[in-house]
Amino acid sequence: MSLSFDSRIRAKSNRAKDEGTVERILTATEILLQEKGHDALTTTVIAEAAGINIATLYKYFPNKYLILVAIIKRNREVWLKAADRSVASVLAGGDWRVTMEQIIDFAARRRQDQPGGNALRLAVLSLPELQSFDREESLETAAFLSDFLMARGGLNPTRAMQVARVAVDIGNSVLDLALFNTSENPDVWIAEAKAAVCQYLTPHLER
Amino acid sequence: MALSYDKPMRTKPTRPKGKETAARILEATGILLETQGYDALTTNRIAEAAGINIATLYKYYPNKQSILIAMTKRNRGGWLEAANQSLASIGAGSDWRATLEAILDFAAQRRINQPGGKAMRLAMRLSPDLQPFDREETAETASFLARLLVARGGLDATYAEQVARVAVEIATSILDLSLFDQSPGDEVFLAEAKAAICRYLEPHFEP
């Protein structure tokens with residue numbers, strides 16, 4: 001059909017503009033999350049904050065959940081690259097504890113420093129539409145740690161993945177305590193997450 | 001919607017018949033959770049399974065969330081009592097590791113043996129309506145452990161509370177991993193929950 005051909009051409013010639021619009025939508029959403037939390041988030045409010053028409057927004061995202069998913073996926077790439085680099089540095093001979101602590105610091109900073117980071121984490125934990133993405137990311141992170149446990153600790157693949165999943169779960173759930181105990185200094189939970197993960201992994205990495 | 005989950009029971013059953021009806025509703029809900037899961041749960045199905053009229057059900061509970069909260073509260077009493085007794089025995093000088101492991105066994109049994117135990121746990125974990133009740137239970141369990149950390153480990157009260165929250169959070173979320181994945185199974189996650197919590201608390205119990 002000539003119509004679809006035309007629209008393909010148009011999409012292609014406007015790719016840079018499309019990326020710019022998507023980026024504006026994601027950034028506006030992050031700022032709104034930061035200021036108002038996920039409950040107040042609607043596509044109308046996002047379009048307004050991004051300075052675009054609601055019809056334009058719907059061209060890219062059918063609903064607000066898919067905007068959040070796009071943010072989660074964008075952040076995940078950065079996160080997994082950092083995790084990969086850290087694991088590589090330990091395999092090159094670095095101290096595993098220092099590296100593990102750096103990864104936990106990085107995970108904590110993602111939530112604290114990124115606009116809307118904490119609100120996004122809360123949304124991921126409480127919105128049924130997003131919960132599966134959280135588990136997916138935990139599994140991907142665990143896969144890196146699992147490789148490391150095999151290489152450095154000599155664990156067999158099955159056991160390495162079990163231990164890795166538990167360690168990632170410990171790190172995440174302790175860091176998440178900061179979301180629900182906002183009256184306390186978030187550094188407390190970061191320090192305890194480091195202690196809990198490192199102590200759990202010690203017998204596997206120092207034998 | 002201003003549903004008040006804090007007042008789950010519309011009519012407090014005082015007469016034996018009323019208590020029996022309320023108990024039948026909870027029992028039917030447990031069986032439905034076990035066989036069909038939380039998503040398939042509706043007040044209509046619960047009424048049908050309990051062999052009562054839907055209007056009778058609504059006399060006691062406004063919605064399915066309030067029924068789950070009633071189940072949680074009923075179970076919580078026994079759990080907190082058991083946890084408290086065990087922890088008191090550590091205070092009296094028994095082996096802290098063995099006692100914590102016994103508490104974890106008890107927590108795991110609750111999920112496995114109770115009809116609908118796992119489905120209910122999954123609902124508590126994932127449903128935004130029920131998550132606050134889950135956190136409430138975690139905080140109550142942690143307060144027992146915190147007192148013990150003060151008495152036996154010599155921690156100051158604030159830090160003891162934080163360490164206890166972390167320990168309970170770690171144990172709960174590791175046990176919960178088996179809700180999302182069939183493999184490697186409850187036994188493995190139970191063993192890892194024990195290992196993680198004991199390694200985390202060791203420096204506080206054995207300074």
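The values are calculated or read from the model by the stated rules, or taken from the named source; none is laboratory data. Every value quoted in this text rests on a predicted model; they were computed, and no experiment measured them. Virtual Cβ from ideal backbone geometry, glycine too; neighbours counted across all protein chains shown.
In segment B:165-183, what residues are farther than 24 Å from B:LEU87 by Cβ and charged (D, E, K, R)?
Passing the criteria: only B:ASP181.
Pull up segment A:28-69, narrow it to residues that are of a type in the set (Ser, Thr, Tyr) and touching a residue at least 60 places away in the same chain (Cβ under 8 Å), then point me to the one that is nearest to A:LEU127 (Cα to Cα).
Selected residue: A:TYR65.
Determine if segment B:190-200 includes at least one residue that is in a loop (DSSP other than H, G, I, E, B) and surrounded by fewer than 20 Cβ atoms within 10 Å (Cβ to Cβ).
Pass one, segment B:190-200, residues in a loop (DSSP other than H, G, I, E, B): none.
Checked segment B:190-200: no residue is in a loop (DSSP other than H, G, I, E, B) and surrounded by fewer than 20 Cβ atoms within 10 Å (Cβ to Cβ).
Tell me, please, whether a residue that is in a loop (DSSP other than H, G, I, E, B) and loosely packed, with under 14 Cβ neighbours inside 10 Å can be found in segment B:18-35.
no
Report, by residue number, each residue of segment A:177-190 that is within 20 Å of the chain's Cα centre (by Cα) and more than 8 Å from chain B (Cβ to nearest Cβ).
A:ALA178, A:LEU179, A:PRO186, A:ASP187, A:ILE190, listed by residue number.
With the requirement that a residue be within 11 Å of chain A (Cβ to nearest Cβ) and either among the hydrophobic types (A, V, I, L, M, F, W, C) or under 21 Å from B:SER86 (Cβ atoms) (or both), what does segment B:148-163 give you?
Hits for segment B:148-163 are B:GLU161, B:VAL163.
If I filter segment A:116-123 for residues that are surrounded by 22 or more Cβ atoms within 10 Å (Cβ to Cβ), within 12 Å of chain B (Cβ to nearest Cβ) and either assigned to a loop (DSSP other than H, G, I, E, B) or in contact with a Leu (Cβ under 8 Å, 6 or more places away or on another chain) (or both), do I get at least one hit?
yes
Go through (1) under 20 Å from B:ALA123 (Cβ atoms); (2) at pLDDT 90 or above; (3) in a helix (DSSP H, G or I) and name the single condition B:PRO62 misses.
Every condition holds for B:PRO62 apart from (3).
Go over the candidates A:SER126, A:SER138 one by one and state the one that is among the small types (Gly, Ala, Ser) and farther than 20 Å from A:LYS64 by Cα.
A:SER138
Look at segment B:164-198 and say how many of its residues are among the acidic types (Asp, Glu), within 7 Å of chain A (Cβ to nearest Cβ) and closer than 19 Å to B:GLN109 by Cβ.
1
Name the single residue, out of those in segment B:78-124 being at pLDDT below 80 and in a helix (DSSP H, G or I), that is surrounded by the most Cβ atoms within 10 Å (Cβ to Cβ).
Taking the candidates together, the pick is B:ILE90.
Taking segment A:154-176, which residues are surrounded by 21 or more Cβ atoms within 10 Å (Cβ to Cβ) and more than 9 Å from chain B (Cβ to nearest Cβ)?
Matches in segment A:154-176: A:ALA160, A:ALA164, A:VAL168, A:GLY171, A:LEU175.
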